[in-house]
Amino acid sequence: MEFFFQQLINALQLGSFYALIAIGYSMVYGVLLLFNFAHGDVFMVGAYIGFFVSSGLLALDLGGLIGLPSGVLLGLVLVLTLIISMFLNSLVGMLVERIGYRPLRGAPRASAAITGLMIGIILETGNLAILGPQRLSFPQLIQSATIKIAGVSLTNKKILIVFVSILLTLALHQFVRRTKWGMAMRAMAYDYVVVPLMGISTNQIALMTFALGSALAAAAGILYGIAYPVLDPNMGILFGWKAFVAAILGGRGSIVGAGLAGFLLGFIEIFTAVIFPSTMRNLIAFAIILIILTFRPHGFFGEPFSAQLRL
Amino acid sequence: MTTNLASTPSTRQRIRVLLSKIWEPYRSVPLLGWLSAALVTVGLEQLIGLPLAHVLGLSKIPALFGAVVILSKPALTPSVLLFMALIYILPIGIVARFTSPVANRIAAKLTSYPLIVTALAHLVLLYAVLQIWCDISDYRVLVARLAMISIILTLSLNVVNGYMGEFSCSHPGFMSVGAYVASAFTIVLFVSENRFGEALLPPALGPFMFPLALILGGLVSAFGALLVAIPSFRTRGDYLAIISLAFMFITKSFFENMEVVGGARGISNQPDYATLPIVFIWTILSIWIINNFVRSTMGKALNAVRDGELAAAAMTVDTRKTKMTAFLFAAFWAGVAGGLFAHVLRYINPDSFGIRKLAEVLAMVYFGGLNSVTGSIVGAVGLSLISEALRPLDIFKWIIIPIMLILIMIYRPTGLIAFTEFNVERLFHPKKKASEGEEHAAA
């Protein structure tokens, strides 16, 4: 039982990354009906931005300036890193939208998917060309501590990661449900053609969707850096594709659905690794997804609809 | 105002007029003329290429039209350009121009024979050009074989993504199935090595059984395609993309866990059966069969399913059968391409069939053009050659090629040569005189 809870918290941690990335996919997919295949690499860029921001903040030595105790200082650095990187990465996301997707509004959707793939490759190679192939190690932003609850030992990192990701998911959900911007987004997801007639700028909403998704991806990148402090330029590929699957599994444009599907994917992966040899992880995880999609072709929260392929 | 413009043409217009004047005599050159000119050129390269290269200060004949040399040693650019002009452009230009009456007459005579004879004549010429061109270096042989395999792969993906309008991501998966099955077949039967033990059959029999290995690989891969084809009955578009993607990951992961075929380390020691003529024959075969497939009633049914499934069903198209056939057919050819690929490189591992491969094949399809056999050939050959030519740029190659593709997607969203039919008879026809040709076009 103890072992089970141990694995449960691991699954929650892995699922948090998937969930945060999947939400970015899902929003873009819901609003613009686009596969943003560059999103996994935007996550990678977010992790790198987080690395540079946090290293810069640590080097600035704020503690010496203001005179804070080191624990509080690290917390401050973490919060600042999250905010600054989320902001910077949202700029990256908007750039991707502006360069790769806006010129293709109205073109076949598959073409936009190809530009997404290509932008992803550019981001990976660009990173490789600028920073070189060596891996970077993410600075320690949290002093590791272990908490024991009812015999289950939890590290504070894991708790923080799960907490932050759930918080961000719920915050975004509220944003989309309650604000006018969110309403515009939902309207666009509902009817792509009529929304501009209501005086809503399609381009602005698209930019905002990308910005929000990329900000969440940056958060996922930083949390990833905290959990596994090794960054390399190809880290976004597999994560991105899996999160993409999770996004579709959640249902079109459903934020909560994408989040839940992300966590589900985390559970499947961790628990198949427990039962079977860990190399079988992807095999079984994707087989389960294939089975789920065969019986529920439009995901958990998606409505049955036929995507119009405008080819 | 207009008269003023017409009397003083801009430099751009002048260049255009000049170019069209130069191009004028070449409009009446039939394919046969171009092929014989190319044959003369490669023969010339074979005969005097090396001495000429030495005279121009090059250590050997530039392997891929000089691009590699120019990029790695820019100082040699003038001599490379001169070499290209002397060996390729001038002879082709001269021969094509002055043999065009003869070539036209022969082409006209050939049209009276059955199409198969005409086609064979052209193919023999084409193969001769390819063989002589490849004789210069082993590198060219490798590049040519890989480019031809890409043609098979791109064509077969175009059947699903272009003609049927799905976004299938499972092609590397189909390819890996074909590659592994064909490799296992040839290695078990004809190669003595330590994984599978002694050869079961005399190795001399191998090359004759190789087609069997490829077809077996293709069939198993088509069987695997059922996993994608059956869900496609219920769902289209985006969810099918996910299913096919999951299929790709599953096959990759499956082979990583199959210790019998080497697991993640891969499998090597494939016999060298995929020689240039073999790959050439399979490529021509695939172009022929796929072209006939997409022009058949079934091919039209594919287009109907793409443009509106309900409407297609109302027009008595059996959509299930159509989808099933398309997927199995595409998977079969992807499997054959995989088998050839394995025997060209003579080493495969599951990583060769991952996301990168997917990006490559998709790029070729969308670069060349959807719904078009010509486009697929252009896309596959073009991208393979470009990516080989940019090799000296190292990783910057992977920045330049994506940028190029993004630009193509922005300016021609369906690819360079999309939605055209590959009409073989028209290709072989003798060309009329330029003036008549214009009248023909006007009519």
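The values are calculated or read from the model by the stated rules, or taken from the named source; none is laboratory data. Owing to the predicted nature of the structure, the values given are computational and were not obtained by experimental measurement. Cβ placement follows ideal geometry from the backbone for every residue including glycine, while neighbour counts extend to all protein chains displayed.
Of the helices (runs of 4 or more DSSP H) lying entirely inside the range B:228-296, those containing at least 2 residues that are of a type in the set (Val, Ile, Thr) are B:238-257, B:276-295. The set of residues in the range B:238-268 being at positive phi and modelled with pLDDT of 85 or more consists of B:Gly266 alone. For B:Ser36, the conditions (1) within 23 Å of B:Ile386 (Cβ to Cβ); (2) surrounded by 18 or more Cβ atoms within 10 Å (Cβ to Cβ) all hold with the exception of (1).
For every residue, the table says whether it meets (1) within 18 Å of B:Gly218 (Cα to Cα); (2) among the aliphatic types (A, V, I, L, M).
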site	(1), (2)
B:Leu276	no, yes
B:Ser286	yes, no
B:Ala326	yes, yes
B:Ala331	yes, yes
B:Gly338	yes, no
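Scanning the range A:39-61 for residues that are in contact (Cβ under 8 Å) with a residue 60 or more places away in the chain, surrounded by 21 or more Cβ atoms within 10 Å (Cβ to Cβ) and within 13 Å of chain B (Cβ to nearest Cβ) turns up at least one hit.
Only a single item in (1) surrounded by fewer than 22 Cβ atoms within 10 Å (Cβ to Cβ); (2) within 14 Å of another protein chain (Cβ to nearest Cβ) is not met by B:Ile355, and it is number (1). Applying the condition of being more than 7 Å from chain B (Cβ to nearest Cβ) and part of a loop (DSSP other than H, G, I, E, B) to the range A:101-115 and asking which residue is surrounded by the most Cβ atoms within 10 Å (Cβ to Cβ) yields A:Arg105. Applying the criterion of being of a type in the set (Gly, Ala, Ser) and within 11 Å of chain A (Cβ to nearest Cβ) to the residues of the range B:358-382, the residue that is nearest to B:Tyr163 (Cα to Cα) is B:Ala363.
From the list B:Leu427, B:Leu340, B:Leu390, the lone residue that is more than 10 Å from every other protein chain (Cβ to nearest Cβ), over 17 Å from the mean Cα position of the chain (by Cα) and closer than 22 Å to B:Phe293 by Cβ is B:Leu427.
How many residues are within 19 Å of B:Phe254 (Cα to Cα) and either aromatic (Phe, Trp, Tyr) or in contact with a Cys (Cβ under 8 Å, 6 or more places away or on another chain) (or both) if we restrict to the range B:341-367?
Residues in the range B:341-367 being within 19 Å of B:Phe254 (Cα to Cα) and either aromatic (Phe, Trp, Tyr) or in contact with a Cys (Cβ under 8 Å, 6 or more places away or on another chain) (or both): 3 in total.
Under the condition of being within 30 Å of B:Asn371 (Cα to Cα) and in contact with a Ser or Thr (Cβ under 8 Å, 6 or more places away or on another chain), the residues counted in the range B:180-216 number 2. Has the range B:163-170 got at least one residue that is among the acidic types (Asp, Glu), surrounded by 15 or more Cβ atoms within 10 Å (Cβ to Cβ) and out of contact with any Phe, Trp or Tyr (no Cβ under 8 Å at 6 or more places or on another chain)? Yes, there is a match, as at least one residue in the range B:163-170 is among the acidic types (Asp, Glu), surrounded by 15 or more Cβ atoms within 10 Å (Cβ to Cβ) and out of contact with any Phe, Trp or Tyr (no Cβ under 8 Å at 6 or more places or on another chain). Criterion applied to B:Ala204, B:Ala147 was being small (Gly, Ala, Ser), more than 14 Å from every other protein chain (Cβ to nearest Cβ), surrounded by fewer than 24 Cβ atoms within 10 Å (Cβ to Cβ) and under 22 Å from the mean Cα position of the chain (by Cα), and the one residue passing it is B:Ala147.
Within the range A:75-98, at least one residue is among the aliphatic types (A, V, I, L, M), within 14 Å of chain B (Cβ to nearest Cβ) and part of a helix (DSSP H, G or I).
For B:Ser79, only one of the following conditions fails: (1) touching a residue at least 40 places away in the same chain (Cβ under 8 Å); (2) more than 28 Å from B:Ile278 (Cα to Cα). What is its number? Condition (1) is where B:Ser79 drops out.
Residue count for the range B:103-145 satisfying the condition of being β-branched (Val, Ile, Thr) and without any contact (Cβ under 8 Å) to a residue 12 or more places away in the chain: 3.
The helices (runs of 4 or more DSSP H) located wholly in the range A:187-301 that include 2 or more residues which are away from chain B (no Cβ under 14 Å) and in contact with a Leu (Cβ under 8 Å, 6 or more places away or on another chain) occupy A:202-227, A:255-275.
Taken over the range B:84-101, the criterion of being over 26 Å from B:Ala53 (Cα atoms) and without any contact (Cβ under 8 Å) to a residue 40 or more places away in the chain is satisfied by B:Phe98, B:Pro101. Checked against the criterion of being more than 14 Å from chain B (Cβ to nearest Cβ), in contact with a helix residue (DSSP H, G or I) (Cβ under 9 Å, 6 or more places away or on another chain) and either surrounded by 12 or more Cβ atoms within 10 Å (Cβ to Cβ) or not aromatic (Phe, Trp, Tyr) (or both), the candidates A:Ala129, A:Ala150, A:Ala171 yield just one match: A:Ala150. Looking at the range A:194-208, which of the residues that are of a type in the set (A, V, I, L, M, F, W, C), at pLDDT below 90 and under 21 Å from A:Asn36 (Cβ atoms) is surrounded by the most Cβ atoms within 10 Å (Cβ to Cβ)? The residue in question is A:Val195. Residues that are outside any helix (DSSP H, G or I), modelled with pLDDT under 95 and either out of contact with any Cys (no Cβ under 7 Å at 6 or more places or on another chain) or on the phi > 0 side of the Ramachandran plot (or both) do occur in the range B:153-164.
If I ask for residues that are farther than 28 Å from B:Thr275 by Cβ, touching a residue at least 12 places away in the same chain (Cβ under 8 Å) and part of a helix (DSSP H, G or I), which ones from the range B:313-337 would you list? If the condition is that a residue be farther than 28 Å from B:Thr275 by Cβ, touching a residue at least 12 places away in the same chain (Cβ under 8 Å) and part of a helix (DSSP H, G or I), then B:Thr319, B:Arg320, B:Thr322, B:Lys323, B:Met324, B:Thr325, B:Ala326, B:Phe327, B:Leu328 are the ones that fit. The set of residues in the range B:225-242 being in contact (Cβ under 8 Å) with a residue 40 or more places away in the chain and either in contact with a helix residue (DSSP H, G or I) (Cβ under 6 Å, 6 or more places away or on another chain) or among the charged types (D, E, K, R) (or both) consists of B:Ala225, B:Val228, B:Ala229, B:Ser232, B:Phe233, B:Arg236, B:Asp238, B:Leu240.
A single member of B:Tyr273, B:Tyr239 is touching a Pro at 6+ places or on another chain (Cβ under 6 Å) and under 30 Å from B:Val141 (Cα atoms), and it is B:Tyr273. Sort out which residues of the range A:256-273 are under 20 Å from A:Phe37 (Cβ atoms) and under 13 Å from the mean Cα position of the chain (by Cα), and write them in order of number. Once the filter is applied, which keeps residues that are under 20 Å from A:Phe37 (Cβ atoms) and under 13 Å from the mean Cα position of the chain (by Cα), the range A:256-273 yields A:Ala258, A:Ala261, A:Gly262. Checking B:Phe255, B:Phe185 one by one, the residue that is more than 21 Å from A:Ala247 (Cα to Cα), touching a residue at least 60 places away in the same chain (Cβ under 8 Å) and either crowded, with 16+ Cβ neighbours inside 10 Å or within 9 Å of chain A (Cβ to nearest Cβ) (or both) is B:Phe255 and no other.
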